[in-house]
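Reviewing the structure listed below.
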Amino acid sequence: MNRRTIYITEFDMKRLTKLIEEIQDSDSQDKNYIAELQEELDHAKVVASSDIPKDVITMNSKVCLVDQRTEREEMYTLVFPQDADISQGKISVLAPIGTAMLGYRVGEVFQWKVPAGDRTLKVKNILYQPEAAGDYHL
């Protein structure tokens, strides 16, 4: 299977690696999701925050995704687990969709499994990316 190259900032890599270590050392229910996140990080190209392309989904990015089956637009902000709140569209990086969208670029399509099968989403645009806005340490 060909893996895509995702971009991740040095700062996000450090925080996500720490998150994975903390969860592995705990009794958290999130343990089920960290293997998938770790696999994504193992294939990431790590860059300085100032060098991340502006069209890449990073932590705390607010994005507009389009469901490829229904053509419905969905807005999400990719956050750390403690900040997740689905009612506000804040999706944890440990949720399947959160892990799936990390590092994707505008125009790219990704899939993830849900109980009813696979969902396919296209990254329509990034409404806010901290690095593009100069907010390097959210």
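Values quoted throughout were computed directly from the atomic coordinates according to the rules given, and no laboratory measurement underlies them. Please read all numbers here as calculations on a predicted model, not as lab measurements. All Cβ positions, glycine included, derive from the backbone under ideal geometry; neighbour counts span all protein chains shown.
The residue list F11, I91, V66 was ranked by how far each Cα lies along the charge dipole of the chain toward its positive end, using unit charges on Cβ atoms, and V66 comes out on top.
Please build a GNM for the chain, connecting alpha carbons under 10 Å apart, and tell me which residue among I20, I86, I97 fluctuates the most. With Cα springs under 10 Å in the chain, the top fluctuation among I20, I86, I97 is at I86. Applying 1/(1 + (r/R0)^6) with R0 = 41 Å to the Cβ-Cβ distance of Y128 and D25, what FRET efficiency is obtained, to the nearest 0.05? So the FRET efficiency works out to roughly 0.80. Divide the volume of the convex hull around the Cα atoms of the chain by the residue count and you get 116 Å³ per residue.
For the range 97-126, no residue has its backbone nitrogen under 12 Å from a point 7 Å from the Cα of V46, taken along Cα to Cβ. Both radii come from the Cα set of the range 80-138: Rg as radius of gyration, Rh as Kirkwood radius; their ratio Rg/Rh reads 0.99.
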